[in-house]
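Notes follow once the structure below has been shown.
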Amino acid sequence: MSSYDDSIRNISIFITIVIGWFMILEYFVKAPAINSFAGTISSISTCLLATFTIIGVGNLSRHHVKNILTQGRNWMPSVVLIVSCWIPLVIGIIGTRKDPTYAYLYNSLYLPTSQAFFGILSFYILSAAYRTFKTRSLDSTVLLLAAIFVMMGNAPATSIIWSGFAPLGGWILDVCTAAGVRGISIGIAIGSVVTALRVLVGRERRHLAGRE
Amino acid sequence: MSFDKLFDLDQKYLYLVLAIMVSIPIIKPLGLPVVPGTYTKGTYDFISSLPEGSVFVLDAAQTAGYGAELQTQYVAILRHLLSLDVKLVIVSFAAEGPMLVDMGFAGGTISGTPVDPAFYGDVYGEDYVYLGFIPGGETAFFAFGLDCWMTKVDEYGTPLEDLPIMQYCKTGEDWYGIMSFAGGNHEQRIAQWNSVYGVPLLFGVPGVSAPRMYSYIATGQVESMLVSLIGAAEYEMLSGKVGLASSLMDVLSLGQITIVFFIILGNIGYYIERRRGVK
Amino acid sequence: MIAFDTGKEVMLVMSIIFIGILLYMMIVEGEQRKKVYNIRRLAPMDAIEEVIGRGVEMNRPIHFCPGTGALNRLEATSTLAGLTLLTYIAGIAVKVGCRIIVTVSKADVYTLALEIVRTAFRLEGKEEEFVEEDIMFMPQQKSAAGMLQRENVAANFLMGAWWHESLVMMEAGSRVGAMNVCGAAYTLGQLPWFVACSDYVLIGEEFYAASAYVSRDPAETCLIAGQDYVKFICLGLIALGSILATMGIPVLTKLFGGG
């Protein structure tokens, strides 16, 4: 590992520590200058994230253009990807989102494909549930029964079969699920604080490809 | 045909049956009953009781992926709010929000029929306004609460000082309530709006996000919520303005019943196999 | 003029107490006294080497995805924990010669993932074997399902902040016979599917404790113990508050802002 990489990493960690603690302390003080500076830092981070998006799109384009030029594996879908990525991007930049062509592309291409991907979930839920929801043990039986009652409670038509599905499903959600989620949420929140604290005191470096 | 195969079906047969079952009510609506749930009633009661002239903010942060769930909820709420005498400020904190807000007014595949504010006697700039997309996530929530005029112009380029409605909406202190339609970032909204300004918060959430909301509703940090497509259909029923969500409830019902049927079928097969000692 | 933001006194006091406990455990107990706390067995972490070895035997790649969360939102810690596990898993994969494919849906996370895997190759002296195209930026994460099937992966590590696309990824992995090893903390909606459909799952705090489990670093294990002490304090306050509220004394409820 070069000392240059280590220096860059140390600078990143230093910035993280300074900005991180500043933002935490800012939450507890009321001072226009400090609150305004915190807002500026947040805005800068938003702009940086937009810059990263350019890097991501650039990398994606580079990979797929190379695939097209060398007619590598699956080069034809790469053509579709490049065209569907760049044409709406250019139209959107030039004409903004109010451009009729952009609106047409969004409503006729992006929206249906997003909906289709989401719709696939229902089929995957079916195959996953059919395969995995088996009464192998007491735990899995309880999971199975809870899933059945909640699903039947969420389908309004099942009130024709038995009117108790909705109240029972609702009880499982309001009492059992809420209790479980609450407990897990508290644990997750504390775990998040621990992870964040390691980053804020500079002890966590692995996400920067560093070693402890 | 061997019954063994019936309990170990290939996935393609499962998918075929599900596709047929959800197609039936699209071709021939069944008109199955819809019974409003507690949370939908809570949302409806809150919105119905909004005082005249109060400022209500709609955070249209839905995305295309959650369109069937959140867009239908948004349209149902929008119709109801436009029929009330409230000052409606619409804003988006998701990049796709403006496209879907436009679709809400113009109608579309996941919005249903157009929503015409003029039908309810609402005038743009006086009774409702759309401020457009504000990027930044939680930063944007924080900044919008501090200064609702941060965009300087509305989505259509009109300066905010030329819009009479904005005189009533300067900061989060002026909001009577806010409803967000978002697939995520719920806690950030609670932290930046309810915790800071104490403003009642309602959510339109997809089904998978509902479990984490129960705790916040129990503590009062969130007033109520609409859950998924079923919440939208229930709300349409309560508000008397039937739309796309109601027509899709039959699909939801048959789809869920099909899934439960196959779960039970799979377990019957598993039980028979265990009895035979195969496993 | 700087003034304290009133209404946040309780939060400030509790934050100072909690952070104080955590820092004490990490620095004093962990770094100075080198105490190592025992973390209970985490089956998914024990299985990682076996799962990667399976990939080597079958000559199939493994797939890792650090979730679809960003680094500027509440799920950032989940994503960071996922990237920490990527460091560990990439290190093992490179060492045993198993091809690792990483898909990332956020551009900021992509740059970190790229660097982590590149460093893993560099540390093993195999920098020339690093293929940048194996670290894929996929804005719509669920489109990785097709890639999983084309590449016929042997293992599918889904560790980070997940939303609805997790089920698509797990099913795609199951279809090609891959072992699904999942870990999620922030997004609770997907946990039932992780539990039901994956072969190994890390739930909630287990996910955050995973890196301490494999490293057995004193500071990390002491921090996990400190996390448990903080949790005990929270549980005690919840129990006390519930009892007092039931007796009609809502002092703790009002103190912590419940109104």
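What follows is calculated from the coordinates using simple rules that are stated; it is not laboratory data. Predicted model only: the values in this text are computed from it and were never measured. Cβ coordinates were reconstructed from backbone atoms using ideal geometry, including for glycine residues, and neighbour counts include every protein chain displayed.
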Exercise for the section: Would you be so kind as to identify which of C:249, C:77, B:215 lies farthest towards the positive end of the dipole of the protein assembly as shown, taking Lys and Arg as +1 and Asp and Glu as -1 on Cβ and the Cα centre as origin? Expected result: C:77
Exercise for the section: Over 17 Å, how big is the tail of the calculated P(r) for region B:152-194, in percent of all Cα pairs? Expected result: 50 percent
Handout entry: Long-range amide H partners of residue B:226 with built H, under 5 Å
Key = B:203, B:204, B:205
Handout entry: For chain C: relative contact order, % (alpha-carbon pairs under 8 angstrom, 6 or more apart)
Key = 25 percent
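Ignoring everything except DSSP H segments at least 4 long, calculate the 222 nm mean residue ellipticity for the protein assembly as shown; use -39,500 (n - 2.57) per segment, divide by total residues, nearest 500.
That comes out to -18500 deg cm²/dmol.
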Exercise for the section: Might you report the magnitude of the Cβ-based charge dipole of chain A about its Cα centre, with Lys and Arg at +1 and Asp and Glu at -1, to the nearest 20 debye? Expected result: 380 debye
Problem - Distance histogram for region A:133-212 (every C-alpha pair counted, 10 angstrom bins, percent rounded to whole numbers) - result: 16, 26, 22, 15, 15, 5, 0
Exercise for the section: Counting only DSSP beta bridges with both residues in the protein assembly as shown, tell me the antiparallel percent, nearest 5. Expected result: 10 percent
Completion exercise
Computed Rg/Rh for region B:154-273 (Cα atoms; Rh = Kirkwood radius) stands at 1.16
Problem - chain B: relative contact order as a whole-number percent, Cα under 8 Å and 6+ apart - result: 27 percent
Practice task
With a cut-off of at most 14 other beta carbons within 10 Å, and DSSP calling the residue loop, which trypsin sites (Lys or Arg not before Pro) in region C:64-148 qualify? Please list them.
Solution key: C:126
Problem - Positive dipole terminus of region A:56-212, leading residue within A:58, A:109, A:163 (C-beta point charges) - result: A:58
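Inverting the mean 1/r over all pairs of different Cα atoms, compute the Kirkwood radius of chain B and quote it in Å. Walk me through the numbers on the way to the answer.
On the way: mean 1/r = 0.0493 Å⁻¹.
Evaluated on chain B, it is 20.3 Å.
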Problem - Karplus (6.51, -1.76, 1.60) ³J(HN,Hα), θ = phi - 60°, over region B:202-213, in Hz, Gly and Pro reported as x - result: 10, 10, x, 10, x, x, 5, 8, 4, x, 6, 7
Completion exercise
Diffing region B:23-38: the Karplus 3J(HN,Hα) column from phi (6.51, -1.76, 1.60, θ = phi - 60°), in whole Hz with x for Gly and Pro, holds 7, 4, x, 6, 6, 10, x, 9, x, 5, x, 10, 10, x, x, 4
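Loop-only check: which trypsin sites (Lys or Arg not before Pro) in region A:144-212 are DSSP coil with at most 14 other Cβ within 10 angstrom?
A:211
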Exercise for the section: Per residue of region B:155-167, in order, report the coupling 6.51 cos²θ - 1.76 cosθ + 1.60 (Karplus, θ = phi - 60°) as ³J(HN,Hα) in whole Hz, putting x for Gly and Pro. Expected result: 4, 9, x, 7, x, 5, 5, 8, 10, x, 4, 6, 5
Practice task
Divide the volume of the convex hull of the Cα atoms of region C:43-214 by its number of residues and quote the answer in cubic angstrom per residue.
Solution key: 96 Å³
Problem - For region A:25-105: span of alpha carbons on each principal axis (Å, largest first) - result: 59, 32, 16
Practice task
Could you point to the residue in B:148, A:72, C:152 farthest towards the positive end of the protein assembly as shown's charge dipole, with +1 and -1 charges on the Cβ of Lys/Arg and Asp/Glu respectively?
Solution key: C:152
Problem - Pairwise centroid distance, computed over Cα atoms, of region C:198-239 with region C:97-126, Å - result: 26 Å
Completion exercise
If every Lys and Arg gets +1 and every Asp and Glu gets -1 at its Cβ, then about the Cα centre chain C yields a dipole, in debye to the nearest 20, of 480 debye
Exercise for the section: Would you pull out the residues with amide H under 5 Å of residue A:29's amide H, same chain only if 5 or more places away, H placed 1.01 Å from N? Expected result: C:5
Completion exercise
Here the convex hull volume per residue of region C:81-175, taken over Cα atoms and given in Å³, is 89 Å³
Problem - Dipole magnitude of the protein assembly as shown about its Cα centre (Cβ charges: Lys, Arg +1; Asp, Glu -1), debye to nearest 20 - result: 2060 debye
Completion exercise
At the level of C-alpha centres, the distance separating region A:110-137 and region B:32-49, in angstrom, is 28 Å
Handout entry: Prolate/oblate/rounded call for the protein assembly as shown, Cα gyration tensor, a/c under 1.5 rounded
Key = rounded
